[in-house]
Amino acid sequence: MGKQINFYTDDEVEKCIITRLRTAGCVFAEDEAQLLISEARTPDSLALMVDRRVAGFPLEHIIGWADFCGIRIAVEPGVFIPRRRTEFLVHQAAALAMPGAIVVDMCCGTGAVGTALTACLGWIELYAIDIDLASVQCARRNVTSVGGNVYEGDLYQPLPTKLRGCVDILVANAPYVPTEAIKLLPQEARKHEVRVALDGGTDGLDVQRRVASEAPLWLAPGGHLLVETSEQQTKQTVEIFARNGLTPQVANCDELDANVVIGTRPAL
């Protein structure tokens with residue numbers, strides 16, 4: 001990106017943008033204004049970016065990236081934006097993995113989880129999967145940059161068969177919002193993120209059930225499945241894991257309002 005024109009740092013322009021963002025309901029108007037100014041290439045592009053933000057488009061879709069685990073993750077329009085709470089999922093997986101581990105990032109969206117795990121661990125053998133084509137195309141920008149592989153398909157279907165019984169870490173930030181609760185989500189998510197990344201079915205656990213049911217076929221002995229879930233769904237997720245032969249445990253982070261259930265395939 002070229003050097004910014006002085007126009008962008010003009011105090012009056014910044015104050016005007018902050019006022020417009022605050023009026024539109026942006027809680028962090030000052031921070032967002034600075035980001036928009038820093039990313040704009042021309043006065044016209046800055047004006048368009050501000051207009052889109054005021055109209056309710058997610059900031060990350062406008063600037064083209066999200067800060068996740070201290071990494072810039074490319075984010076394209078329509079794709080699920082990685083949440084800060086999901087950083088806890090990364091930290092839990094990193095604590096269980098070793099450099100060189102075989103890692104599968106299921107329901108990968110942008111591929112943020114796998115990309116961040118690579119940054120934490122150094123080199124890993126990374127495979128990322130999503131059913132949504134736009135997400136797959138976005139994930140390729142992130143995952144291939146760290147040497148990973150990206151597949152389009154339904155859960156395990158596109159994975160190379162050579163990985164059966166060999167996966168050390170399987171992370172799945174699968175959708176877990178109950179269908180009827182989708183209407184309660186913030187407008188940014190409802191209108192601008194692909195529904196398949198949000199809708200977890202009647203009780204929110206449909207995709208988790210499918211992931212857990214096949215996990216023992218793909219995990220290595222002693223391998224781990226980690227999923228993000230809500231506090232209210234944790235007990236059910238634990239039961240799902242146990243029914244599928246995985247030894248479950250729960251990790252929570254109050255600061256991030258994050259809940260992760262870890263299921264371990266018993267060692268032989």
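The values are calculated or read from the model by the stated rules, or taken from the named source; none is laboratory data. These figures come from a predicted structure and were not determined experimentally. Glycine gets a Cβ as well: all are built from the backbone with ideal geometry, and neighbour counts include every protein chain shown. Accessible surface areas use protein heavy atoms only, side chains included; no ligands, DNA or RNA. Shrake-Rupley method; radii C 1.70, N 1.55, O 1.52, S 1.80 Å.
Please verify whether the stretch 217-232 includes one or more residues that are of a type in the set (S, T, N, Q), touching a residue at least 40 places away in the same chain (Cβ under 8 Å) and more than 20 Å from Arg85 (Cα to Cα).
no
Could you grab the pairs with beta carbons closer than 6 Å, sequence gap of 6+ or different chains, first residue in the stretch 42-70 and within 18 Å of Arg84 (Cβ to Cβ) and free of Cβ contacts under 8 Å to residues at least 40 places away in the same chain, second one open to solvent by 50 Å² or more (accessible area, probe 1.4 Å) and not in a helix (DSSP H, G or I)?
Trp65/Arg72
Would it be correct to say that Ala197 is at pLDDT below 95 and either touching a helix residue (DSSP H, G or I) at 6+ places or on another chain (Cβ under 9 Å) or more than 28 Å from Ala267 (Cβ to Cβ) (or both)?
yes
Report, by residue number, each residue of the stretch 130-140 that is touching a Gly at 6+ places or on another chain (Cβ under 7 Å) and open to solvent by 10 Å² or more (accessible area, probe 1.4 Å).
Selection gives Asp130, Ile131, Ala134.
Condition check ((1) crowded, with 18+ Cβ neighbours inside 10 Å; (2) more than 18 Å from the chain's Cα centre (by Cα); (3) touching a residue at least 12 places away in the same chain (Cβ under 8 Å)) across all residues:
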| residue | (1), (2), (3) |
| --- | --- |
| Ala128 | yes, no, yes |
| Val150 | yes, no, yes |
| Pro158 | no, yes, yes |
| Thr161 | no, yes, no |
| Lys183 | no, yes, no |
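Condition first: over 13 Å from Leu117 (Cα atoms) and open to solvent by 50 Å² or more (accessible area, probe 1.4 Å). Now tell me which residues in the stretch 77-101 satisfy that.
Result: Pro77, Arg83, Arg84, Arg85.
Which one of these does Thr144 not meet: (1) touching a helix residue (DSSP H, G or I) at 6+ places or on another chain (Cβ under 9 Å); (2) among the polar types (S, T, N, Q); (3) more than 28 Å from Glu231 (Cα to Cα)?
With respect to (1) touching a helix residue (DSSP H, G or I) at 6+ places or on another chain (Cβ under 9 Å); (2) among the polar types (S, T, N, Q); (3) more than 28 Å from Glu231 (Cα to Cα), Thr144 is out only on (1).
Just the residues that are open to solvent by 80 Å² or more (accessible area, probe 1.4 Å) and touching an Asp or Glu at 6+ places or on another chain (Cβ under 8 Å), please, taken from the stretch 20-39.
Matches in the stretch 20-39: Gln34 only.
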